[in-house]
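S.K.: Have a look at this one.
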Amino acid sequence: MKFLLDTHVVIWAAINPSRIPTLSRELIFNPLNNIFFSTVNIWEATIKYGLGKKVFPVEPHTLRRGLLEHNYAEIAITSAHALAVGALPPIHRDPFDRILIAQAITEGITLLTADAVVAKYPGPIRQI
């Protein structure tokens, strides 16, 4: 299976996997599954880390390097993803979450999220 991680799940997987519920942790760390992170995750982490947000305690360069070293694949933002944002219903206003949702839909990859509002979107989204 293929899974795209939202930014909080990326951070938890990298520095505190025990925050992820057991069933979801088994999906993420199962070597048979393909786990993806997005340029969006690094962009959001960079901005919030720079603002001193405590929920983003890991330096973004270190985060990206660790994800790549653990064989997570990176998905870049494309114009198709940007256009797909326009088709989303106005459930959530966070631009980082909206582009992640658009990427999941466009790429046909299940988005794993801890955000109940994000999980309300139609498409391949699974709340952990």
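The values are calculated or read from the model by the stated rules, or taken from the named source; none is laboratory data. Here the structure is a predicted model, which means the values were calculated and not measured. Every residue, glycine as well, gets a Cβ built from its backbone with ideal geometry; the counts of neighbours run over all protein chains shown.
S.K.: Please name all residue pairs, on different chains or six or more residues apart, with Cβ atoms under 7 Å, provided the first residue is in segment 80-106 and is over 12 Å from Leu4 (Cα atoms) and the second residue is of a type in the set (Phe, Trp, Tyr).
M.R.: As it stands, the answer is Leu88/Tyr121; Ile91/Tyr121, since those pairs meet every condition given.
S.K.: Residue by residue through segment 95-125, note down the ones that are modelled with pLDDT of 95 or more and either loosely packed, with under 14 Cβ neighbours inside 10 Å or of a type in the set (Asp, Glu) (or both).
M.R.: Pro95, Asp97, Glu107, Gly108, Asp115, Ala116, Val117, Lys120
S.K.: So the check is Cβ under 7 Å with 6+ separation or different chains; which pairs have a first residue in segment 24-35 that's under 15 Å from Val9 (Cβ atoms) and a second one that's polar (S, T, N, Q) and surrounded by 12 or more Cβ atoms within 10 Å (Cβ to Cβ)?
M.R.: Close Cβ pairs satisfying both conditions: Leu27/Asn33.
S.K.: When you look at His70, is it out of contact with any strand residue (DSSP E or B) (no Cβ under 9 Å at 6 or more places or on another chain), under 25 Å from Pro21 (Cα atoms), at pLDDT below 95 and not charged (D, E, K, R), yes or no?
M.R.: Taking the combined requirement at face value, the residue does not satisfy it.
S.K.: Out of segment 1-21, which residues are part of a loop (DSSP other than H, G, I, E, B) and either touching an Asp or Glu at 6+ places or on another chain (Cβ under 7 Å) or closer than 20 Å to Val55 by Cα (or both)?
M.R.: Asp6, Asn16, Ile20, Pro21
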